[in-house]
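The values are calculated or read from the model by the stated rules, or taken from the named source; none is laboratory data. Everything quoted here is computed from the prediction, not taken from an experiment. Counting neighbours? That spans all protein chains shown, and the Cβs are built from the backbone with ideal geometry, glycine included. In case anyone asks, the SASA skips ligands and DNA or RNA and just uses the protein heavy atoms, side chains included. Shrake-Rupley method; radii C 1.70, N 1.55, O 1.52, S 1.80 Å.
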Amino acid sequence: QVQLVESGGGLVQPGGSLRLSCAASGSIFSISDMGWYRQAPGKQRELVASIASGGRTNYVDSVKGRFTISRDNAKNTLYLQMNSLKPEDTAVYYCNKVFGVLLRWGQGTQVTVSS
């Protein structure tokens with residue numbers, strides 16, 4: 001069973017930056033399209049950024065130009081660099097596959113953007 005462990009969240013002021021990490025156990029990581037999802041209070045979980053196994057990336061409009069997704073297949077780790085953070089980015093962030101049967105969700109990492 002592949003496990004996903006997210007980290008790197010925290011409290012940051014508007015305009016600040018954070019870098020999230022997702023460590024995945026198992027070899028499935030390197031062959032899977034992976035993504036970062038987020039879930040704000042009272043809202044559905046949404047996919048905000050994805051990266052194909054070959055490196056092609058895609059972003060939801062609300063984070064384009066501010067977030068950068070990357071991966072290190074040798075370390076089975078997914079990253080999300082978040083810059084120019086806004087209060088509306090406040091959510092619990094999760095990583096998972098993008099297509100097919102999703103992996104078991106990790107605990108997520110809380111990102112709070114507030115002054």
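Residue-by-condition table, conditions (1) touching an Asp or Glu at 6+ places or on another chain (Cβ under 6 Å); (2) of a type outside the set (Ser, Thr, Tyr); (3) part of a loop (DSSP other than H, G, I, E, B):
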{"residue": "ARG19", "(1), (2), (3)": "no, yes, no"}
{"residue": "TYR79", "(1), (2), (3)": "no, no, no"}
{"residue": "SER84", "(1), (2), (3)": "no, no, yes"}
{"residue": "ASN96", "(1), (2), (3)": "no, yes, no"}
{"residue": "VAL101", "(1), (2), (3)": "no, yes, yes"}
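Under the condition of being aliphatic (A, V, I, L, M) and open to solvent by 30 Å² or more (accessible area, probe 1.4 Å), which residue from region 66-97 is farthest from SER25 (Cα to Cα)?
VAL92
Can you name the residue in region 98-113 that is touching a Ser or Thr at 6+ places or on another chain (Cβ under 7 Å) and not aliphatic (A, V, I, L, M) and is also surrounded by the most Cβ atoms within 10 Å (Cβ to Cβ) among such residues?
Going through region 98-113, the residues touching a Ser or Thr at 6+ places or on another chain (Cβ under 7 Å) turn out to be 98, 109, 111-113.
Still in the list and also not aliphatic (A, V, I, L, M): 109, 112.
Working: THR109: 22, THR112: 15.
Selected residue: THR109.
Out of all the residues in region 46-61, which are without any contact (Cβ under 8 Å) to a residue 12 or more places away in the chain and surrounded by 15 or more Cβ atoms within 10 Å (Cβ to Cβ)?
ASN58, TYR59
What's the total number of residues in region 5-37 that are open to solvent by less than 20 Å² (accessible area, probe 1.4 Å) and within 11 Å of the chain's Cα centre (by Cα)?
Number satisfying all stated conditions: 6.
Do the conditions hold for GLY42, that is, is it open to solvent by 60 Å² or more (accessible area, probe 1.4 Å), more than 30 Å from SER115 (Cβ to Cβ) and in a loop (DSSP other than H, G, I, E, B)?
No, not satisfied.
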